[in-house]
Amino acid sequence: MKQQTSLPAASSGGPSAARPVAFSETIGLFMPADGQVVADVGVLFVSPWGLEEMCLRKFWRIIADDLSACGIASLRFDYPGTGDALDRSDFSGGLTIWEDAVVAAAGRLAALSGCSRIVVVGQGLGTAIALRAIHRLDGVAGFVALAPVTSGRAYLREMQIWAKMVEEGLGIAKEHRAAEGIVIAGLAMPEEIAADIRKFSLATLGEKPAPQCLVVKRPDRPGDQEFAAKLVADGALVTEADYQGYDDLVSNPATAVMPQAVRLAVVDWISRLAAALPAQLAKPRLASVEPAVLCGPDFREEALNFGEGGRLYGVLCEPLGERNGATVLLVGTAYDRAAGWARSGVRLARDLAAQGIPSLRFDTANVADSPPVPRLPDQVLYHEAQSNDVSAALDVVERRHLLPVVATGRCSGAYLAFRSALQDARIEGVVAVNPFVFYWDPARDIDESLRFVPRTLGDYKGRLLQGETFQRLLQGRVDIARAATNIGRALGRRLARHAMPLIHMLPQNRVMRREVVGAFHTLSDRGVPVALLYSENDVGLDHFAEQFGSSARGLRRYKNVDLTILEGADHNLTPEPARLSYFETLSAIASALDPQA
């Protein structure tokens, strides 16, 4: 198939984030047509589930921005019980609950854009959900299936295998691993949903989902080709493309590589289809959108755009009852969406609201649903420009009369929360979870650090004593050369702990030492409480020990700093006891600050 080689450029002032809308217990993100409207058509994104959805979040936003620049509106949304949507205790309706959300989203897209035709775009499990719901939609002009699910049973088996790989990679202790059900990256699929998914197969498909279809297939998955063939047999006009870079996209949100060839193929195919449809007719559209508000038993959440030109996306969560203490600013980690790993951001915000504590969670620029800032590097982690995003978030809190603020985050989010407290006095407390460093050397390669982060020596020792490690060695599933290199690096850092005074004298470390000590002195002088939480064996403990000693004796001079080691926790705080300790620490610090001060 012919592919375009370039996409319309974003405006020089930078794109705005999609407009949040609330409907059917969930939040949708509507991206209006920014360019000249080319046809009476809008695009509805139907997402996959679990870790794949987390990895795909940014890719969906990029394609939506591209379509907007081509004159095509779009809407993407969360299923009930996922992402920023409301939780549900009753899933007895099974997969129909998520299908109903697809139908409601299509109606919302039509009302917002004025379109009477839609193109449905799905990936992974989203293709199966879309196919089950698509006969209930009006005016479906096209269907795009990326990495389609062709057998529900095979998909669930793959999820279980994938989940074990994730748990093993994170180093989650066996006692904290899911014993049953479909659970991946801390996200549990309701059994009623899984039961309906098991029934799905190509044989259950009825008539063609749309007159024209694009199937983006994985070369190593014969089922993807069978899916395309089934659509052809049903009478659809099918275009096929290869899903180049699928594995690099869905393996880890922090290191996900956006598949540019697929991006171009999808946008080009939709643009061509739209251009061939009748021209857009003048139709009334919703001139304004009401605030995107969801209410739970203890909270009111408002999804909003903020920052210059509405360039950032976030969710303000406020208690329905009396306010208690400071507002918590949840600073995102790496490229995880603001909902957080295993929806930790959502759960934390709503649990805090039950204690009377407001919060704001948000995506920094070029992360998940917030577009990039023009002329800045694509790699935004540990970049000084992220402090501008934190400042914009603090402005929202101040305008809502919700100061003071406790900033918190994990890993790179912990770093940004800590550094932002140094720059902005509106932050009066910090809870940093597993910070990799307290000062980032601008000369350090971030991409290399993300892709090649070794574990601590203690973690390697524990793994060497596990029987499954020997089994993986025998099966050839361990990269021995890389493991040996990582162990060597971990051993070197362990030796460096004992030579800390000498290490600090090295020229390349003097700047680090000066910056870290200066930062802690600044927060101490201001009386800002700082809670440091580390998972046992977390790689960030090496940097901590280099600065403060393995026994944390260097912290004794800072009366405002507390250190907690979380036993049995992985870097992402997947186990429930670790999350509870985090919540209790955060709640205590926020509650101690007087909002009337």
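Worth a mention:
- Label-point separation in nm, D378 to I446, each point 7 Å along Cα→Cβ: 1.3 nm
- In Hz, Karplus ³J(HN,Hα) per residue of region 568-577 (6.51, -1.76, 1.60; θ = phi - 60°; x = Gly, Pro): x, 9, 8, 4, 8, 6, 5, x, 4, x
- Ordering P80, N388, F45 by Cα displacement along the dipole of the chain toward the positive end leaves N388 in first place; charges were set at the Cβ atoms of Lys, Arg (+1) and Asp, Glu (-1).
- Net +/- balance of residues flanking E240 in space, Cβ distance below 10 Å, scoring K and R +1, D and E -1: -1
- Treating each Cα of the chain as one equal point scatterer and applying the Debye formula with no solvent, the log10 of I(q)/I(0) at q = 0.08, 0.09 Å⁻¹ comes out as -0.57, -0.72.
- Prolate is the label for region 299-452. Its Cα gyration tensor axes, ordered a ≥ b ≥ c, give a/c of at least 1.5 and a/b above b/c.
- The chain - share of DSSP beta bridges that are antiparallel (%, nearest 5): 35 percent
- For the chain, the longest principal axis of the Cα atoms and the long axis of helix 260-276 meet at an angle of about 30 degrees.
- Size of charge dipole - region 5-131 - debye, nearest 20, with Cβ of Lys, Arg +1 and Asp, Glu -1, no other charges: 280 debye
- Farthest positive-ward along the chain dipole, Cα basis, beta-carbon charges - from V250, L112, Q123: V250
- Relative contact order (%) - the chain, alpha-carbon pairs under 8 angstrom, separation at least six: 13 percent
- Built amide H within the under 5 Å cut-off of V140, gap 5+: I118
- Overall form of region 119-231 per C-alpha gyration tensor (a/c, 1.5; a/b vs b/c): prolate
- Region 285-421 - percent relative contact order, Cα under 8 Å, separation 6 or more: 27 percent
- Charge context of L402, other residues only, Cβ under 10 angstrom, K/R +1, D/E -1: +1
- Pairwise Cα distances in region 535-597 exceed 14 Å for 66 percent of all pairs.
- Partners of K164 within straight-line reach, counting aspartates and glutamates whose Cα lies under 14 Å from its Cα and excluding those fewer than 8 residues away in the same chain: E175, E180, E468.
- Structure-based [θ]222 nm, the chain - -39500 (n - 2.57) summed over DSSP H runs of at least 4, per residue, nearest 500: -12500 deg cm²/dmol
- Taking amide H atoms as placed 1.01 Å from N in the peptide plane, the amide H of A39 lies under 5 Å from those of Q280, each 5 or more residues away in sequence or on another chain.
- Extreme residue, positive dipole direction of the chain, given options I565, V293, S271 (C-beta unit charges): I565
- For region 304-309, the Karplus equation 6.51 cos²θ - 1.76 cosθ + 1.60, evaluated at θ = phi - 60°, returns couplings of 8, 9, 8, x, 4, x Hz by residue, with Gly and Pro reported as x.
- Residues whose amide H falls under 5 Å from that of G568, counting only those 5 or more places apart or on a different chain, are E536, with hydrogens built in the peptide plane.
- For region 243-339: rounded, prolate or oblate by the Cα gyration tensor [a/c cutoff 1.5]: oblate
- Region 330-413: projected area of the alpha-carbon convex hull, averaged over directions, in nm²: 5.6 nm²
- Rounded to the nearest 20 debye, the dipole magnitude of the chain is 1000 debye, with +1 charges on Lys and Arg beta carbons, -1 on Asp and Glu beta carbons, and the Cα centre as origin.
- Additional length obtainable on full extension of the chain from Q36 to A276, 0.36 nm per residue less Cα span: 84.9 nm
- Summing charges over all other residues whose Cβ lies under 11 Å from the Cβ of R300, with Lys and Arg as +1 and Asp and Glu as -1, gives -3.
No value in this document is a laboratory result; all are computed from the given coordinates. These numbers were taken from a predicted model, which means no experiment stands behind them. FYI the Cβ positions are ideal-geometry reconstructions off the backbone, even for glycines, and counts take in every protein chain you see.
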